Amino acid sequence: MDPIYKNITSNKRWTYLFFSFYAIIICLIGYLIGMYYNSPIMGLVFGLIIFALILLGSYYGGQSIITSMSGGNKISKKDEPYLYNTVEALSIAAGVPMPKLYMISTDVPNAFASGRDPKNASITVTTGLVEKLDRLELEGVIAHEMAHIRNYDILIATVAVVLAGTFVFLGYMARYSVYGGALRGGNRNGSAGLIFLILFIVLVLLAPLFAQLLKFAISRKREFLADATGADLTGYPEGLASALEKISTMQKSKSKISNMALNGIYIINPAIGDNSGSRFFSTHPPTEERIKRLREMEFIDSKSNITPLNNDKTVYKVGATPDNEKVAENGYLVCEKCGGFYKLQPDKSPDDFEQCQCGGKLEYRDKI
């Protein structure tokens, strides 16, 4: 089965398309404003400038804005050594710098990542997440957020949130333009001016809907990909699947973390506690579908019986390697068909092996 990975290229194309659509809407609004005031080119230029300023503002200041809105407090290793060590280990596995850590004081378990790139990123968790999840579940959630950081989803989410808020601001501008211009008797270009005014008003009224739909679409696709990447980091999809199952039942419609502007960046939408609304307007894919996909992913299962490859007596079942057995730095070859693995010896190379003894394809991994 395809465990989501083939969607990566498609996700990137859709992201560029969505942001281009944002730019078109803002520039079109600026153009219509310019036509109403007999200066369409200036209006278009104004729209482009606004879009550029929004991108720059969200790029350099988005993380601080989101952290402040969430109410999280920065924590250190001394404050939460268990959580800190978990994040530190997974950041090493993901190959990204250790992100800053923030914690929100609430018993509702949840988490999100923010920032502009792996070097300027943070992970925010609630106290309920640390208290109510076991070790494997917590690792699954942190790995999911680490995947958002590594995949640069944090920048995309931050910009999407800021752009969506921009359309709300444009709505206020539209009302000001109508009351401040049209109601004072302003008549630009006669009937043509009236037509453009109507188009402008309709566009601004629909813009918030477009903004939300675009943000939702980005969020849904990115959540699926982060689930897959996070499961790959831990090598244990069931940990994240179990965490999603547990977290989704503990959300409250009115909680400290419920915020319409930020709901889309949490691993589980805090508004899931409110059963009203359509899935069409949900910021996340259905939790049941996410869990189903995770449990269908083909990873090494620590509870499965594994057949040693090439009858190598030094190979043990996953999770059953003796404490005094050093893990070879040469890495492992893992069979995609039977799940068996072969620990490479110092004098061996992955190129020395064509396929598993069962006929399956061998994949190299530096650790299991």
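A few points about this structure:
- Ordering of 222-231, 29-38, 68-77, 96-105 by packing is 222-231, 29-38, 96-105, 68-77, highest average first (other Cβ atoms within 10 Å, averaged per residue).
- Gained length - Asn85 relative to Ser39, 0.36 nm times residue gap less alpha-carbon distance: 10.7 nm
- Each label point was placed 7 Å from the Cα along the Cα-to-Cβ direction; for Lys74 and Tyr16 their separation is 3.7 nm.
- What the Cβ-Cβ distance of Tyr364 and Leu56 gives, at R0 = 45 Å and to the nearest 0.05, is a FRET efficiency of 0.60.
- In a DSSP loop and with at most 13 other Cβ atoms within 10 Å, the trypsin sites (Lys or Arg not before Pro) in the stretch 113-152 are Lys119.
- Sorted on the mean count of surrounding Cβ atoms within 10 Å across their residues, most packed first, peptides 121-131, 252-262 read 121-131, 252-262.
- Extension gain, Lys256 to Asp107: 0.36 nm times the residue separation minus the Cα-Cα distance gives 52.7 nm.
Read-outs throughout are calculated quantities, based only on the coordinates presented, and are distinct from any laboratory measurement. Quick caveat: nothing in here was measured; it's all calculated off a predicted structure. When we count neighbours, we look across all protein chains shown, and the Cβ atoms used for this are built from the backbone with ideal geometry, even at glycine.
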